[in-house]
Structures are given as structure tokens and as C-alpha cells.
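K.L.:
Handing you this structure, nothing more for now.
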Amino acid sequence: MQEPAGQGRLISIIMANHQGARYLRAALASVLAQTHDDWELIVADDGSSDGSVEILQDAAAQDARVRVLLWETSSGPAAARNRALAAARGAWVAICDSDDIMHPDRLRRLLLAAERLGADAVADDMIHFATEPMAAPRSVFGPEPQDLPRQISPADMLRVPEPGEAGAQLGYIKPLIRRETLGTLRYDETLTIGEDQDLYLRLLLQGRRLWLLPEALYLYRRHPQSLSHRSSRAHVEASLAALEGLSDRLQFDQHTEITSILNHRRRALQRRLSFETLAEDLRQRRLASAAAQLLRDPSLVSQLARVALAKARGRKSGRKVEGASDASAEVVHLIGPDGADTTLMGEGAGTRIAVPMPEEHGSHSVLWADLCHRASRGALTLTYGDAAGVSAAWRVPAAVHIRARCPVVSDLPPPKGQCDG
């Protein structure tokens with residue numbers, strides 16, 4: 001049930017956009033669908049020329065809570081977010097990227113959790129999903145059971161799991177932050193990748209309390225144009241410079257664990273820089289330079305092989321999805337605690353998946369990742385028969401058809417099929 005909005009409950013949603021027209025409508029729709037309606041959306045457009053401005057201006061004309069800030073040339077996501085933060089009036093700040101999607105009950109749940117925990121910031125789990133056939137969607141917190149809600153430390157924020165190691169890379173999270181807690185902290189505008197994690201780390205080092213919640217309510221889209229999905233020599237060099245600057249500014253000498261983690265990250269970034277330099281040499285056909293690098297560091301050969309294999313798998317997966325026919329489309333029936341099997345009468349064949357109530361903690365993230373994975377493989381139709389099914393259906397943005405098997409009473413609006421627009 002939606003609580004009435006009161007003093008100090010206005011949420012400023014910050015959204016930076018650059019050439020994001022393809023996915024922008026879906027992101028805007030997910031904000032407009034929020035059950036907590038005491039919000040303002042501030043979109044800082046960063047020199048877009050792809051029709052984004054027209055989409056944003058139309059949204060602002062339709063809803064006075066949408067405010068658009070225009071910038072003629074691209075200045076980067078950190079600078080765009082800082083402009084939006086300067087215009088924010090809410091007691092709380094939430095970040096939503098212009099190619100991502102929020103569950104309609106997300107802001108209400110995060111705000112309630114923050115108030116109950118007395119938190120300075122709260123963050124939920126996220127599902128990495130792809131409309132394009134790239135990698136299988138996954139939960140940011142990982143498949144292992146998490147001891148949540150839990151308060152995290154600066155060391156937790158810095159730690160990056162090794163490949164195959166359990167644990168979360170928390171730089172991806174999109175927390176709800178108390179604005180007075182944020183104070184004068186702003187994004188480092190020299191960064192194009194990792195600017196989120198840098199801000200969160202500085203917040204934690206001031207002694208602020210950031211809690212992680214167990215439920216995935218944010219869908220983080222992975223696509224070839226995503227800045228966080230791409231890497232380059234310049235990006236890695238900027239990340240290394242920011243790491244060194246952070247060490248100099250904050251003087252971690254007294255924090256042995258943090259110093260160890262920073263050294264580990266420095267080594268990892270230096271290895272990545274070597275690989276990106278090699279990749280750039282190969283693209284530019286600087287073969288002598290590339291050969292010299294391989295002689296100095298033979299381990300780069302195995303990295304090249306892994307990247308080539310991943311690209312080959314991606315092309316193969318893409319051909320499979322492009323060639324998929326309606327006969328291979330999948331139908332999934334979401335069966336919640338109140339959605340009795342009798343509602344399936346006349347539905348025909350399909351996969352039945354049990355869905356817990358949204359309030360219950362457990363394997364939600366794994367379930368949502370599985371549903372998004374099914375949607376990324378081909379045409380997916382979802383049916384639901386109770387409130388739990390409605391909540392689950394909202395988390396699968398690439399479903400072609402979503403329909404109720406019977407009349408359903410829910411605080412959430414009916415989910416829409418095909419959210420990509």
C-alpha cells in the first residue's frame with residue numbers, strides 16, 4: 001500500500017543521458033510508474049543529437065515532475081550528473097541511468113528501508129540483463145546467499161572479486177542517498193568509468209552508513225554502446241590516475257586492509273592497461289610494438305585468446321537469436337503463492353515457475369536473472385495470476401507479451417509487454 005507523501009520524502013531522481021534515445025523511453029516509463037509518487041526527475045542531457053532531446057521535452061510537457069537540463073556538447077556522465085545534483089531539491093537522491101529500468105515499487109521500498117535502518121544510503125541488488133544476445137544476465141550480488149541487509153565498509157566497496165570468486169563488485173550499485181549526507185560531495189569529472197564507485201567510497205570514508213538490501217529492483221542494461229561495458233586505454237589510464245589521486249588525498253596508511261586492496265586494484269588495472277595498449281596496437285596495425293609487448297608479457301596471449309573466444313561465442317549466439325522463429329518462442333507461467341494452478345486452465349503448454357511474494361527474502365535475484373536470460377534468448381511470453389506474479393513480470397523488460405490469467409488485485413500497475421519501445 002502506498003503511504004502518503006510527507007515532509008522530507010521528496011526523491012530527486014538523477015539521470016544523465018547521451019545519445020540514449022533507443023532505450024530512453026523505457027527508462028522514463030519506469031520512473032513514471034513508481035508507486036512512490038513524491039519525486040522529481042532531473043535529466044541532464046549531454047549533447048545528444050539522436051532524438052533524445054525531443055523525447056525528454058515531450059516527457060516534461062506531459063509531467064511537470066520531469067525537468068530537463070540541456071548541454072550543447074558532451075562533457076561526460078560525471079559532469080552531467082553533477083549538473084543534475086546541483087538542481088536537485090529532494091531530501092533524497094536516487095540515480096537511474098537512461099538505459100536502465102527500475103521496478104515500479106523500487107523507490108517506495110528503498111525509502112522505507114532507509115527510514116527503518118536509519119541509513120544514510122541504501123542500495124538494492126541489480127540484474128545485469130541484455131536485450132542483445134551477449135552474456136547470460138546475472139545478479140550483481142552473485143548466486144551465493146547473501147547475509148543481507150548489511151552495512152558495508154570502505155573495504156567492501158573497493159574489493160573486486162577475482163574471476164570465479166564469490167562476492168559482489170559494489171561499484172555498480174545505484175543507492176538512494178540522503179541529500180544532506182551527500183553534502184558537497186560530487187562525481188569526479190575526470191572519470192568516465194568507475195565514477196560511481198569513487199563517489200560511494202568517499203561517502204563511506206566520511207563515516208556514512210550504506211546498507212545493502214536483498215532484493216533486486218533495478219535492471220542494469222548491458223549493450224555494446226554502454227560506457228561501463230566498454231574499455232579503452234584512455235579509460236584505464238583515467239582509472240589508474242583516479243586511484244593514485246584517491247590514495248594521495250585520503251592517506252590510507254592507517255588502513256592496512258584498504259591499502260592491500262588498493263595495491264591489488266592497482267596491479268589489476270596495470271594488467272588491463274597492458275592489454276588495452278596491446279589491443280590498440282593491433283587495431284592500429286602497429287605490429288612491431290604489439291610483438292614487443294607480447295615478448296615482455298607472454299600472459300597477454302591467453303587474454304587475447306579469451307577475448308577472441310568470447311567474441312566468437314557472441315556472434316554465434318546472435319545468429320541463433322536472429323534465426324529464432326515463433327515456433328521456438330517460450331511461454332512462462334508465473335505461479336505466485338496466491339496464483340493457484342486452476343488459473344492455468346486453457347493456457348496450453350508452457351514452463352511453470354514458482355514466484356515468492358516480494359516481501360519474502362530468498363532467491364529473488366537468481367529468479368529474476370533466470371527470467372531475463374530466457375527473454376534474451378528469444379521471444380518470451382509471461383502470464384501471471386496474482387500480485388507476486390505482477391511484481392515478477394515487471395522485472396523482465398524484454399518480454400514480448402505479458403498477460404493476466406485472471407483478474408488480479410495489486411498495488412502495482414499492470415506490467416506492459418515489450419518495454420524497449
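K.L.:
In this structure, does ALA288 turn out to be at pLDDT 75 or above, under 30 Å from TYR23 (Cα atoms), open to solvent by less than 90 Å² (accessible area, probe 1.4 Å) and more than 26 Å from the chain's Cα centre (by Cα)?
P.N.:
Here the answer is no, as ALA288 does not meet what is asked.
K.L.:
Inside segment 193-216, can you point out the residues that are surrounded by fewer than 19 Cβ atoms within 10 Å (Cβ to Cβ), in a loop (DSSP other than H, G, I, E, B) and out of contact with any strand residue (DSSP E or B) (no Cβ under 8 Å at 6 or more places or on another chain)?
P.N.:
Hits for segment 193-216 are GLN206, GLY207.
K.L.:
Separate question: Being crowded, with 23+ Cβ neighbours inside 10 Å, among the hydrophobic types (A, V, I, L, M, F, W, C) and assigned to a helix (DSSP H, G or I) is the filter here; which residues of segment 376-400 pass it?
P.N.:
Passing the criteria: ALA388, VAL390, ALA392, ALA393.
K.L.:
Exactly one of (1) in contact (Cβ under 8 Å) with a residue 24 or more places away in the chain; (2) within 22 Å of TYR200 (Cα to Cα) is unmet by ARG25. Its number?
P.N.:
(2)
K.L.:
In addition: Pairs please, first residue from segment 63-89 and over 22 Å from ILE193 (Cα atoms) and free of Cβ contacts under 8 Å to residues at least 40 places away in the same chain, second anywhere and open to solvent by 10 Å² or more (accessible area, probe 1.4 Å) and aliphatic (A, V, I, L, M), Cβ atoms under 6 Å, 6+ apart in sequence or on different chains.
P.N.:
Partner pairs satisfying both residue conditions: VAL66/ALA59; VAL66/ALA60; VAL68/ALA60.
K.L.:
Anything in segment 271-285 that is open to solvent by 90 Å² or more (accessible area, probe 1.4 Å), farther than 10 Å from ARG233 by Cα and either under 26 Å from the mean Cα position of the chain (by Cα) or acidic (Asp, Glu) (or both)? List them, or say none.
P.N.:
ARG271
K.L.:
Also: Is at least one residue of segment 150-172 over 27 Å from ASP411 (Cβ atoms), modelled with pLDDT of 95 or more, open to solvent by less than 60 Å² (accessible area, probe 1.4 Å) and part of a loop (DSSP other than H, G, I, E, B)?
P.N.:
no
The values are calculated or read from the model by the stated rules, or taken from the named source; none is laboratory data. Quantities reported herein were computed from a predicted structural model and do not represent experimental measurements. Heads up, the Cβs are rebuilt from the backbone with ideal geometry, glycines too, and the neighbour counts pull from every protein chain shown. Heads up: the accessible areas ignore ligands, DNA and RNA and are worked out on the full protein's heavy atoms, side chains in. Shrake-Rupley method; radii C 1.70, N 1.55, O 1.52, S 1.80 Å.
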